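Data block below; observations after.
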């Protein structure tokens, strides 16, 4: 009997270009200025960040721009123990959904400045920005979110919604 294959390594390369639409372009221009911009749905009034140009819930165009603070609450997270090829971020690290104050949709980013085993849902966090001279049109202007000296927030039951 032959031994089963347990591992295979094969090089993979993906080259692609992304052209931002109108809403995403405004979001990226805001980041270049150190601002986080979302959009409010005219129907359900949810604030969406990053701006997408339409509300996924209602299917209507979003035009009203909303500037959000760079503070929020960790709603979900995971600790990553597997290295990401080509990434400067070394494991273990924390990826989290952060609901910025005033937003209804979470923003996916890193949590740092704290041991991974101390990150928790409900934790209040603040963006740690790169030095201004390094800013570009990218969410990478924010290095990560770090804990604030504030009490944790009790999270709502995800099955309920204030807008339902």
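The strands (runs of 3 or more DSSP E) located wholly in the stretch 1-98 that include 3 or more residues which are touching a strand residue (DSSP E or B) at 6+ places or on another chain (Cβ under 7 Å) and under 30 Å from residue 116 (Cα atoms) occupy 36-40, 71-80. Residues in the stretch 14-36 that are under 14 Å from residue 70 (Cα atoms), touching a residue at least 40 places away in the same chain (Cβ under 8 Å) and under 15 Å from the mean Cα position of the chain (by Cα): 31, 36.
Can you give me the number of residues within the stretch 82-115 that are surrounded by fewer than 17 Cβ atoms within 10 Å (Cβ to Cβ) and in contact with a helix residue (DSSP H, G or I) (Cβ under 6 Å, 6 or more places away or on another chain)?
Within the stretch 82-115, residues that are surrounded by fewer than 17 Cβ atoms within 10 Å (Cβ to Cβ) and in contact with a helix residue (DSSP H, G or I) (Cβ under 6 Å, 6 or more places away or on another chain) number 1.
Residues in the stretch 37-81 that are buried (at least 18 other Cβ atoms within 10 Å of the Cβ) and free of Cβ contacts under 8 Å to residues at least 40 places away in the same chain: 37, 39, 40, 41, 51, 55, 62, 68.
Throughout, read-outs are computed from the coordinates displayed, never taken from laboratory work. All values reported here derive from a predicted model rather than from experimental measurement. Note: ideal-geometry Cβ built from the backbone for every residue, glycine included; neighbour counts use all protein chains shown.
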